[in-house]
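Structure, as structure tokens:
Throughout, read-outs are computed from the coordinates displayed, never taken from laboratory work. Keep in mind it's a predicted model, so treat the numbers as computed, not measured. Virtual Cβ from ideal backbone geometry, glycine too; neighbours counted across all protein chains shown.
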Amino acid sequence: MIVGLDHVVVLIRDIEAAASAYAALLGRKPAWRSADEASASVLFTLDNMSVELLAPAASAAGDHIRATIDANGEGLASLCLRVEEIANWHRRLDRLGLKPEAIGDGGSRNLIDGASLPWKRTRAATDAAHGVRLFFLEMSGQRPVSEISADAPITGLDHVVVETADPERAAALYGARLRLDMRLDRSHADWGHLMFFRCGDLIVETVKRAGKDYSDGRDRLWGLSFRVDDIAAARQRMQAAGIDVSEPRAGRKPGTQVATVRSGTCGVPTILLQPPARAL
């Protein structure tokens, strides 16, 4: 079964520039750095998931990542879901026509402290997932949580947004096939068709926007919504770091406040979300 979202992958050109940008955005230090012949990566681990920044190596081995960025620009590239008993999950993916790759053993060594973390991994065929790159990981341990480096840090991810050309198809994939719990299915003349699927303690949101052309039929990873405890303080901190953030406004869910981050995200549409205050 899927136990949560392990991480999202953001493709970027310059690993150090992106790491500095996300340290300022999140108010946290990198938790993990690694490199191989094809790529370099930096991970920021929040309370409920990680953000992986991935850049191509300067050598020819990085050409595939470089070509992807040239074609699509910097931004969200993959969803990596954490599972239990990956062999059983692989069989389910195969039965459901998601054409999974063979399970592979992988791992990473943290250049910060020398720690190692192995895992097993498979991925669904991108065409079977309607254009979204979906990976599935069975982890043998936990990454360290990113150290807080500033006031009013990001605490976790609230939701990741997938734009879909076909809401019924998306419901079949994320609800029926992947067994994520559908919490909302709503159409609105201004917003379009929204669906929320619970994944661990966050939401995978699918949206077909009103009036948008989806004639290519593909779904796309779109953006992230990060949780903050104090949105005004988080905005003030980010603005002091040179990040452009809108004034907070009422969110769609009663009691929430949201603000749009307009720079410093490496091409990822990003909002801040302050959840409703809990009743005492």
Rounded if a/c is under 1.5, else prolate if a/b beats b/c, else oblate: with a ≥ b ≥ c from the C-alpha gyration tensor eigenvalues square-rooted, which is region 106-156? oblate
Once Lys and Arg get +1 and Asp and Glu get -1 on their Cβ, which of Thr164, Ile148, Met182 lies farthest toward the positive end of the dipole of region 134-193? Met182
Can you give the helix-only mean residue ellipticity at 222 nm for the chain, where every DSSP H stretch with n ≥ 4 adds -39500 (n - 2.57) and the sum goes over all residues, rounded to the nearest 500 deg cm²/dmol? -4500 deg cm²/dmol
Give the calculated FRET efficiency between Ala240 and Asp190 to the nearest 0.05, with a Förster radius of 35 Å applied to their Cβ-Cβ distance. 0.55
What are the residues whose amide H is under 5 Å from the amide H of Ile203, where those residues sit 5 or more places off or on another chain and H is modelled from the backbone? His159, Val160
In region 156-274, what percentage of the DSSP-assigned beta bridges are antiparallel, given to the nearest 5? 75
Give me a comma-separated list of calculated 3J(HN,Hα) values for region 99-112, in order, Karplus coefficients 6.51, -1.76, 1.60 applied at θ = phi - 60°, integers in Hz, x for any Gly or Pro. 6, x, 5, 4, 5, x, 8, x, x, 8, 10, 7, 6, 6
Would the chain count as rounded, prolate or oblate if I go by the C-alpha gyration tensor, calling it rounded below 1.5 in a/c and otherwise prolate when a/b exceeds b/c, oblate otherwise? rounded
Go ahead and set up a Gaussian network model of the chain, Cα springs under 10 Å, then flag whichever of Glu37, Glu16, Glu52 fluctuates most. Glu37
Going residue by residue through region 17-23, the Karplus relation 6.51 cos²θ - 1.76 cosθ + 1.60 with θ = phi - 60° gives ³J(HN,Hα) values, rounded to whole Hz and with x marking Gly or Pro, of 5, 5, 4, 5, 5, 6, 4
Please list, in chain and number order, the residues 5+ apart from Arg28 or on another chain whose amide H is under 5 Å from its amide H, with Hs placed from the backbone. Ser149
Dividing the surface of the Cα convex hull of region 141-193 by four yields a projected area in nm² of 6.6
Lys, Arg +1 and Asp, Glu -1 on Cβ, resulting dipole of the chain about Cα centre, debye, nearest 20: 580
Sequence-distant lysines (8 or more away, or on other chains) whose Cα lies within less than 27 Å of Lys120: Lys29, Lys99
Calculated over region 156-274: convex hull of Cα atoms, volume per residue (Å³): 117
Treating only the Cβ of Lys, Arg, Asp and Glu as charged (+1, +1, -1, -1), what charge dipole size does region 185-267 show about its Cα centre? Round to the nearest 20 debye. 60
Under 20 Å Cα to Cα from Lys208, which lysines show up? Leave out anything in the same chain fewer than 8 places away. Lys253
Taking every DSSP beta bridge with both residues inside the chain, roughly what % is antiparallel (nearest 5)? 75
Looking at the chain as a GNM with Cα springs under 10 Å, which of Ala19, Ala102, Ala125 has the largest mean-square fluctuation? Ala102
Size of charge dipole - region 2-139 - debye, nearest 20, with Cβ of Lys, Arg +1 and Asp, Glu -1, no other charges: 260
For region 2-139, what is the percent of antiparallel DSSP beta bridges, rounded to the nearest 5? 75
Solution diffusion estimate, µm²/s, Stokes-Einstein, region 2-139, Kirkwood Rh from C-alpha pairs, 4 °C, viscosity 1.567 mPa s: 82
Could you tell me the relative contact order of the chain? Use alpha-carbon pairs under 8 Å, at least six residues apart, and round to a whole percent. 19
Does region 1-68 come out rounded, prolate or oblate by the C-alpha gyration tensor, with a ≥ b ≥ c the root eigenvalues, rounded set by a/c under 1.5 and, if not, prolate when a/b is larger than b/c and oblate if not? oblate
Each residue of region 219-226 in order: what ³J(HN,Hα) in whole Hz does its phi give by Karplus 6.51 cos²θ - 1.76 cosθ + 1.60, θ = phi - 60°, with x for Gly and Pro? 8, 9, 5, 10, x, 10, 10, 9
